[in-house]
Amino acid sequence: MITINEGSVTIEVPDFSKVSSRAPVFYNPVMEFNRDVSVLAVQAFQRILDREISVADTFSGSGIRAIRYLVEVDGVSEAAANDINPLAVECIEHNSELNSVSPLVSREDAAIFLRGNPGRFDVIDVDPFGTPAPFMDSAAASARNRSLLAVTATDTSGLCGTYIKPCLRKYSSRPLKTEYCHETGLRILAGFTAMNLARYSKGASFLLSHSSQHYMRIYAHVRRGAGRADETLKNIGYMLHCFSCLHHQHVRGVPEDRRCPICGGKMDAAGPLWVGELHDEKFIGSMMAEAKNKTLNKSEDVLKLLKTCIGEVGMPPGFYDVHEICSKLGVSAPPLMDVMGGLGEAGFRVSRTHIRPTGIKTDAGVREIEEIIMDLHGSRS
């Protein structure tokens, strides 16, 4: 056994040489950042409800996520820790004793667990090894009114367009391999979640969504009602991308015209996917405030992510990679802040993106960005 200190808890797990689904009990140290963000999100959501809440950790593994919710989040009165692996159940019980907490431990398939507890939990956390797709119908059916549904996907190769068929098979959506493919994948995951909820007359708004390391993570606020579901579906659409000039745009509903308005070429389409907001500024601000009161090993990185996500609020879907544009123009890339400053002076909105350090989100088109870049080269020559 090896001892792990994370947040305010200490757990023990069987020694393993490689993180994989074949480990005796699944624990991924790289996902500590994910769990740190989750602690802040659940705490911020508990403040919104302003009462005691119940949380379901559907793929509990070592039990660390459920245990951290019980130990670190104020107002969590009940946390369920479910895993189909019998060794994991033993590990959860052992680690619960180490931290003096008592989650509700169960050993079931995640879909069966969710179906057996409809409307019970204020927070449902779906964090599997791989795709969450097979469990999303059960999660959508089980989610109660005014609840939080947190979903992780680690099958990024499919969501980002490296492998198209798995994404079509799992998410009923076509991905596209572009410079902003991780955002496209995030929007496919969000759209898939929203459409699953809509089948049960539930609407969704997204409080935080991020693509970090090897996974994607969304936090959906679930509200019951056919009207809310209908409003949610208005945010389902497509991303259109021109590989000739790098122009991109989004459309709600099905695209009728795929001709590029810049160069006249035919644009490729990704979707259906979510084209609405991926973040809620007030909610993320609450998370940042909560970080001051938590013990987080990854606090600096978490706050950097949250600050960047706030900057993305209100910006159009997709982003432009300055280095990609400069490569197309055959010029060296100027400092990113100079490009952003030039766009701001020209009257455009612009922000950085948490997904790529050389990417910018803006309401300017690719031609306007090219002009700024060439002007910067002219002023330096």
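Does Ser209 fit the bill of being touching a helix residue (DSSP H, G or I) at 6+ places or on another chain (Cβ under 8 Å), within 23 Å of Met315 (Cα to Cα), open to solvent by 10 Å² or more (accessible area, probe 1.4 Å) and outside any helix (DSSP H, G or I)? No: the conditions fail for Ser209. Consider region 281-297 and keep the residues that are open to solvent by 60 Å² or more (accessible area, probe 1.4 Å) and either small (Gly, Ala, Ser) or not in a helix (DSSP H, G or I) (or both). The one that is nearest to Ala44 (Cα to Cα) is Thr295.
Residues in region 291-306 that are of a type outside the set (Gly, Ala, Ser) and farther than 13 Å from Ile355 by Cα: Lys292, Asn293, Lys294, Thr295, Leu296, Asn297, Lys298, Glu300, Asp301, Val302, Leu303. Residue count for region 340-361, restricted to those that are open to solvent by less than 20 Å² (accessible area, probe 1.4 Å) and part of a loop (DSSP other than H, G, I, E, B): 1. Within region 10-58, the set of residues being open to solvent by 10 Å² or more (accessible area, probe 1.4 Å), at pLDDT 95 or above and under 17 Å from the mean Cα position of the chain (by Cα) comprises Glu32, Phe33, Arg35. Annotation note: of Glu371, Glu300, the sole residue that is under 23 Å from His241 (Cα atoms), open to solvent by 30 Å² or more (accessible area, probe 1.4 Å) and either at pLDDT 95 or above or not in a loop (DSSP other than H, G, I, E, B) (or both) is Glu371.
Under the condition of being crowded, with 21+ Cβ neighbours inside 10 Å and more than 26 Å from the chain's Cα centre (by Cα), the residues counted in region 75-87 number 0. Sort out which residues of region 80-131 are closer than 24 Å to Lys202 by Cβ, touching a residue at least 40 places away in the same chain (Cβ under 8 Å) and out of contact with any Phe, Trp or Tyr (no Cβ under 9 Å at 6 or more places or on another chain), and write them in order of number. Phe113, Asn117, Arg120, Phe121, Ile124 - these are the residues of region 80-131 that are closer than 24 Å to Lys202 by Cβ, touching a residue at least 40 places away in the same chain (Cβ under 8 Å) and out of contact with any Phe, Trp or Tyr (no Cβ under 9 Å at 6 or more places or on another chain).
Select from region 297-320 the residues that are among the small types (Gly, Ala, Ser), touching a residue at least 40 places away in the same chain (Cβ under 8 Å) and over 14 Å from Arg187 (Cα atoms) and list them in ascending order. The answer is Ser299, Gly311. Only one of the listed residues (Arg199, Arg217, Arg252, Arg223) is surrounded by fewer than 16 Cβ atoms within 10 Å (Cβ to Cβ), of a type outside the set (A, V, I, L, M) and in contact (Cβ under 8 Å) with a residue 60 or more places away in the chain. That residue is Arg199.
Among the residues of region 133-183, which ones are in a helix (DSSP H, G or I) and among the charged types (D, E, K, R)? If the condition is that a residue be in a helix (DSSP H, G or I) and among the charged types (D, E, K, R), then Asp137, Lys165, Arg169, Lys170, Glu183 are the ones that fit. Consider Asp338 carefully, then state whether it is modelled with pLDDT of 95 or more and either of a type in the set (Lys, Arg) or within 21 Å of Glu183 (Cα to Cα) (or both). No; evaluated as a whole, the condition is false for this residue.
Here is a yes/no grid of residues against (1) within 25 Å of Ile64 (Cβ to Cβ); (2) of a type outside the set (Asp, Glu); (3) under 13 Å from the mean Cα position of the chain (by Cα); (4) surrounded by 21 or more Cβ atoms within 10 Å (Cβ to Cβ):
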position: Ala111; (1), (2), (3), (4): yes, yes, no, no
position: Gly116; (1), (2), (3), (4): yes, yes, no, no
position: Gly130; (1), (2), (3), (4): yes, yes, no, no
position: Ser142; (1), (2), (3), (4): yes, yes, no, yes
position: Leu149; (1), (2), (3), (4): yes, yes, yes, yes
position: Thr152; (1), (2), (3), (4): yes, yes, yes, yes
position: Leu168; (1), (2), (3), (4): no, yes, no, no
position: Leu176; (1), (2), (3), (4): no, yes, no, yes
position: Ile188; (1), (2), (3), (4): no, yes, yes, yes
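The values are calculated or read from the model by the stated rules, or taken from the named source; none is laboratory data. Predicted, not measured: the structure shown is a model, and the values here were computed from it. For neighbour counting, all protein chains shown are included, and Cβ atoms are generated from backbone atoms with ideal geometry for every residue, glycine included. The accessibility values were calculated without ligands, DNA or RNA, using every heavy atom of the protein model including side chains. Shrake-Rupley method; radii C 1.70, N 1.55, O 1.52, S 1.80 Å.
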